[in-house]
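Student: This is the structure I have questions about; it appears just below.
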Amino acid sequence: MLKQTTKQLHVGLIGDPVAHSFSPRFQQPAFDALGIPARYELWHTPASQLVERIRSLCEPDCLGANVTIPHKQAVLPLIDKIDPLAARIGAINTIVHRDDYLYGYNTDAQGLLHALHEHGLGEMHNQRVSLRGHTAILLGAGGAARAAAFALVDAGIEQLIILNRHLERARHLAADLLHYYDRPIFSLNDPSFLIPRTSSIIINATSLGLHEDISPLPVETLEQFDPDTFIYDMIYNPSQTYLLCQARLMGFNTANGLSMLLYQGALAFTLWTNQPAPIEIMRSSLM
Ligand code: NDP
């Protein structure tokens, strides 16, 4: 539990850019609701100022930070203690300042699993989501895809297919996963490759859809997938990407990345404060 204090505390988002972020929208109401005198700030940090910024997190009034593009990997060597899952993923999105040390975590991974569970996938045992019996197609092999891949395999997914424009990157991720997990994990980039229609989850972790009206799926149509396939797009702004629009028109169950944003933020809040996050307050502030 955070020590009772009336002193103003600080926590913020480190990235470049940060102005577009939705995080203050739902983190600040959470601190306010619990009466924690903390301000969630936007800390625009070009790469040249990253070391100095991370050093500033050791100030006594700082709880820690979130980290976003492009620094999630670059902060790793600047952190004292790295959570094993974050180390495997190779990216940190949450830093906690505790007892004069900086601890690094990746809450994107568990955030995605909690989001999928909220959308009716998998089962929850002891606060952990199990995806046993599911197979997934993961689109992308960048930072967010790495977090998703480790989360899915950690949750017991039966089979994972990683599709990425640059095959080398997908191969690299598959090899990293196979180092830790004994599962069928495949990497591809060939659009003509037969993608199993029985995949129960498709996750877009590419940035395709942020601006362009094209699908990140290298198939002509979604028709080849079972009607009960769940299609999740990590992008939340725009709220309906081309992929989600197509999928919805065809009757698939879909969701955008707002739920992942909410849960990764809630997990970060608990790490900073040692208190359960007021999830409904965060959700209504975000929506
Ligand atoms: P990265 O830059 O690390 O990765 C980008 C990915 O998109 C790579 O796989 C890249 O493929 C692919 N890509 C980019 N442009 C194209 C293109 N023109 N055609 C095909 N593939 C392309 O970004 P992140 O992993 O950090 O973020 C990915 C997405 O996830 C973003 O939209 C981000 O907003 C979202 N996100 C959402 C979160 C949430 O809480 N909802 C959390 C984190 C991220 P290649 O390797 O071939 O270049």
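Student: Sum up the charges of everything whose Cβ sits under 15 Å from the Cβ of Tyr180, counting Lys and Arg as +1 and Asp and Glu as -1, but leave Tyr180 out.
Tutor: -1
Student: Which residue fluctuates most in the GNM of the chain (Cα springs below 10 Å): Leu13, Leu210, Leu243?
Tutor: Comparing Leu13, Leu210, Leu243 in a Gaussian network model of the chain, the most mobile one is Leu210.
Student: Using a 10 angstrom cutoff on alpha carbons, build the Gaussian network for the chain and name the most mobile of His114, His20, His134.
Tutor: Looking only at His114, His20, His134, the largest GNM fluctuation is found for His20.
Student: Using Cα springs under 10 Å in a Gaussian network model of the chain, which residue among Gln224, Gln264, Gln240 shows the largest mean-square fluctuation?
Tutor: Result for the chain, Cα springs under 10 Å: Gln224 fluctuates most.
Student: In addition: Projecting each Cα onto the charge dipole of segment 110-256 (Lys/Arg +1, Asp/Glu -1 at the beta carbon, about the Cα centre), which of Tyr232, Ile157, Ile214 comes out farthest on the positive side?
Tutor: Ile157
Student: Same structure, new question: Compute the acute angle (0 to 90°) between the alpha-carbon long axis of helix 107-118 and the principal axis of greatest extent of the alpha-carbon atoms of the chain; round to the nearest 10°.
Tutor: With both axes taken from Cα atoms, the answer is about 60 degrees.
Student: With a cut-off of 8 Å between alpha carbons and a minimum separation of six or more residues, what is the relative contact order of segment 110-256 in percent?
Tutor: Across segment 110-256, relative contact order equals 20 percent.
Student: Let me ask something else about it. Under 15 Å from the Cβ of Ser23, count the other residues' Cβ atoms, weight Lys and Arg +1, Asp and Glu -1, and hand me the total.
Tutor: Residues near Ser23 contribute 0 overall.
Student: Please work out the ratio of the alpha-carbon Rg of the chain to 2.2 N^0.38 Å and round it to two decimals.
Tutor: 1.00
Student: Could you please rank Met250, Met124, placing first whichever residue has the fewest other Cβ atoms within 10 Å of its Cβ?
Tutor: By the 10 Å Cβ count, ascending, the order reads Met124, Met250.
Student: I've got another one for you. Would you work out the relative contact order for the chain, in percent, from Cα pairs under 8 angstrom that are 6 or more residues apart?
Tutor: Relative contact order, the chain: 17 percent.
Student: Contour minus end-to-end for Tyr180 and Ser207, with contour as 0.36 nm per residue of separation and end-to-end as the Cα-Cα distance?
Tutor: 7.0 nm
Student: Where does the chain land at 222 nm, in deg cm²/dmol rounded to the nearest 500, when only DSSP H runs of n ≥ 4 count, each adding -39500 (n - 2.57), divided by all residues?
Tutor: Value at 222 nm, helices only, nearest 500: -10000 deg cm²/dmol.
Student: Taking the Cβ of Met287 as the center, what net charge do the other residues with Cβ under 14 Å away carry, scoring Lys and Arg +1 and Asp and Glu -1?
Tutor: Spelling it out: positives minus negatives among the neighbours equals 0.
No lab work stands behind these numbers, since they all come straight from the coordinates. Every value quoted in this text rests on a predicted model; they were computed, and no experiment measured them. Quick reminder, even Gly has a Cβ in these numbers, built from the backbone with ideal geometry, and neighbours come from all protein chains shown.
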